[in-house]
Amino acid sequence: MRVHSVILCLLGLLLALPPAAWAEPEPAQAQTNAVAAGEEALDFHCLRQAYPALERLEQDAAGRQWLLLADGRRVLYRDAQPGAADVAASMAAPYPLEPERPPTPPGVAPGRLRPYDLFTALYGGDRVAVNAGLVTVPWPGRQVRLSPAAAQALERVFHRLAPLLEERPDLRPYLDSEGGFAWRRIAGEDRLSAHAFGIAIDLNARRAPYWRWSRQRPHPRQRDYPPEIVDAFEAEGFIWGGKWHEYDLMHFEYRPEIICKARLRAKALPVF
Ligand SMILES: [Zn+2]
């Protein structure tokens, strides 16, 4: 049986566990191990679904876990030392899918901690490499250039929204694009933006504030930004920067592994 199948079986078992199974007292270490194994199964299942180039998960003699790509490259999934900026850390913060949108607590920004090694393996490690893989997608306002999987997902977002725009022309201005790919760093930081990997689109900034340009925290638009737009993006694997404490309402980022995990968590585990 392949490792992937074993992990899927473990995932199925986890999802089938009644809530009481999680509440039974266990030695602290056993409980920690069980939770870690559950997280790992969820993560790998969702990573495989999101990025078919990932084949399996392996542990080395030092206790580090690696994601292996079909072409033989590997990306660190979980370092042996806690606190590393690895793939596991990038998927740890639960992304909320509930429609109520309660205020996001300080320090919480699900999906904003990015797995740069994975992005580099999937999309390229410099401007030339990323640029070479981009495709152009039609979008209201202007065309955008994105990595192929993100571009296809964005087209599906538009197909979801198109019928709604007939009934709700008031939603149309929200969709005006500010751009997709841009080789740039996050404002005020050294780290690359998701736009540098061609996996993010910004929509009309006049309708969607950014925390650095506003004094309001939380911002009322975090609650009243049209749910139809957020839902259409999330349904196709994009996370929304409006759910971060340091919000970026114009920003939608293709992170299907985060959305997959959020959906599975909503079925089986409490969120927050
Ligand atoms: Zn953005």
Next on the checklist: Go through region 229-245 and report how many residues are more than 11 Å from the ligand (Cβ to nearest atom) and assigned to a helix (DSSP H, G or I).
Outcome noted: 9
Checklist entry - Which residue out of G237, G180, G242, G188 is on the phi > 0 side of the Ramachandran plot and modelled with pLDDT of 90 or more? => result G237
Checklist outcome for this item: Within region 207-228, restricting to residues that are within 15 Å of the ligand (Cβ to nearest atom) and within 28 Å of Q152 (Cβ to Cβ), the one that is surrounded by the most Cβ atoms within 10 Å (Cβ to Cβ) is A208
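Here are some residues: L134, L122. Which one is under 19 Å from R255 (Cβ atoms), touching a Gly at 6+ places or on another chain (Cβ under 7 Å), in the same structural domain as F197 (by TED's automatic domain parsing) and among the aliphatic types (A, V, I, L, M)?
Criteria check complete, one pass: L134.
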Item to check | Any chance A187 is under 29 Å from A121 (Cβ atoms), open to solvent by 40 Å² or more (accessible area, probe 1.4 Å) and within 12 Å of the ligand (Cβ to nearest atom) | outcome: yes
Checklist entry - Residues of region 138-150 being outside any loop (DSSP other than H, G, I, E, B) and more than 16 Å from the ligand (Cβ to nearest atom), which ones? => result P148, A149
Next on the checklist: It is to be established whether one or more residues within region 253-269 are part of a loop (DSSP other than H, G, I, E, B) and more than 23 Å from P138 (Cβ to Cβ).
Outcome noted: yes
Checklist entry - How many residues does region 155-178 hold that are closer than 22 Å to A200 by Cα, open to solvent by 70 Å² or more (accessible area, probe 1.4 Å) and not in a helix (DSSP H, G or I)? => result 1
Checklist outcome for this item: Taking region 43-57 and keeping only residues that are without any contact (Cβ under 8 Å) to a residue 24 or more places away in the chain and either at positive phi or open to solvent by less than 80 Å² (accessible area, probe 1.4 Å) (or both), one is left with L54
Checklist entry - within 16 Å of the ligand (Cβ to nearest atom), surrounded by fewer than 14 Cβ atoms within 10 Å (Cβ to Cβ) and in the same structural domain as E155 (by TED's automatic domain parsing) - does that describe any residue in region 246-267? => result no
Checklist entry - A85 passes all but one of (1) in a loop (DSSP other than H, G, I, E, B); (2) open to solvent by less than 40 Å² (accessible area, probe 1.4 Å); which number fails? => result (2)
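The values are calculated or read from the model by the stated rules, or taken from the named source; none is laboratory data. Quantities reported herein were computed from a predicted structural model and do not represent experimental measurements. Don't worry about glycine lacking a Cβ; one is built from the backbone with ideal geometry, like all the others, and counts go over all protein chains shown. SASA here: full protein model, heavy atoms, side chains in, ligands and nucleic acids out. Shrake-Rupley method; radii C 1.70, N 1.55, O 1.52, S 1.80 Å.
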